[in-house]
1. With point charges of +1 on the Cβ of Lys and Arg and -1 on the Cβ of Asp and Glu, referenced to the Cα centre of the stretch 138-360, which listed residue (201, 290, 183) lies farthest in the positive direction of the dipole?
2. Where both partners of a DSSP beta bridge lie in the chain, what percent of those bridges are antiparallel, to the nearest 5?
3. Can you put 267, 49, 336 in order, fewest other beta carbons within 10 Å first?
4. If one computes the Cα centroid of the stretch 198-240 and of the stretch 292-351, what distance in Å separates the two points?
5. Sort 220, 108, 161, 231 by Cβ crowding within 10 Å, fewest neighbours at the top.
6. Just name one of 35, 259, 310: the one whose Cα is farthest towards the positive end of the charge dipole of the chain (beta-carbon charges, Lys/Arg +1, Asp/Glu -1).
7. Calculate the tail of P(r) for the stretch 2-124: the fraction of all Cα-Cα distances greater than 24 Å, expressed in %.
8. Sum up the lysine pairs in the stretch 2-124 that clear both bars: alpha-carbon distance under 25 Å and a spacing of 8 or more or different chains.
Amino acid sequence: MQAENNLYQQRISDIQRKLSDFKINGLVLLNIINIKYLSGFTGSDGALIICPDRLCLLVDGRYTTQAALEVPNIPAIEYKNKIEGIGQAIKDLGLKHIGFEAACMSVDMYNQLIKLLDDEVFINVSEDLRYLRAFKNQTEIALMKKAAIISSAAISALISDIKTGCTERELALQLEIYARRGGADQLAFEAIVAAGENSALPHAKPTDRKIKKGDFIVIDFGVKYKGYCSDETCTFAFGELTDQQKNAYQTVKQAHDDAIAAIRADIAASDIDNCARSVFGEKYGHYFTHGTGHGVGLEVHEAPRLAPDSKDVLEEKMVVTVEPGIYIPGLWGVRIEDTILVKENSCEIFTKMDKDLIIIN
């Protein structure tokens, strides 16, 4: 517990030192994941206010006792109305230039706070906080490796359950059962199990469509283990494929492999995206409809972004995905994804499933 408290104190100290660089004298955090990362508080709502020499955690009555137990080093203030509570805390702390996360504050909330306050100025620091959770320490890396082992084992176990006539929904349920039995705390996101024409939808939801011969089956799955996420996609063949399907799979696999081989510290995220995208060429390029990857951590989508327009640069101890895909509407789709730790001159793959084509007969 003491080690965890020291970690949170160090993270908050790092933020406090940067407040002057942000040209603010106080920071109001509303993103509950950022609050958990900085303080250890696990409630579902609240606000953390960070000043150069003071802190306070604002919670409603559901979490007053929980906050005192989880965050003993930060004063917890109970509010009846969240906006009024934040406004009063800003006044009591004498804040005049207040940083906030624009993506986490509605226009209505912003306008109400402005009405409550006098000459205080709100400054959006979302961009300054993008990399807040991007660099993983050894504890975080170990937890993410464990999450990846659990989710990969669940996918592997599911292979024997894929039979003619079973449905996407049934397979998704069985996948979750395997993961929870394997130690997962919860799913990182709703599992994608998509067969045949549904596999051409990058974010398909499991349906009652039955599996049949000649299908590609895309399984995009991740779990949370002690708060940290895994993310992995496998595409299986159920029965024999056409030459076109085999060629598409091998093209995606080549894009996936080339991108991973290029990952190391100090390389532009857009270069990794281009590395994958260049494999598709004119034949398949317009069927690759999303970025090549994203950061993973306490959330399944974090900074950095591996996309054509990304300004991010990969750095050591970042954890990212590589997930190129081909999606031919009305026919089928292929996606292959691994979660990867960026190292100084190379990378390490956390996810464990073999990405060579697996044909289930």
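Since every read-out is calculated from the coordinates, none of them should be taken as a lab result. Treat the numbers as computed from the prediction; the structure is a model and nothing was measured. Here the Cβ positions follow ideal geometry from the backbone for every residue, glycine too, while neighbour counts run over all protein chains shown.
1. 183
2. Values: 42 of 55 bridges.
Around 75 percent antiparallel, to the nearest 5.
3. Fewest-to-most Cβ neighbours within 10 Å comes out as 267, 49, 336.
4. 17 Å
5. Working: 220 23, 108 9, 161 12, 231 28.
Least crowded to most crowded, the residues run 108, 161, 220, 231.
6. Toward the positive end, the furthest listed residue is 35.
7. Working: 1537 of 7503 pairs.
Across the stretch 2-124, Cα pairs with separations above 24 Å total 20 percent.
8. 18
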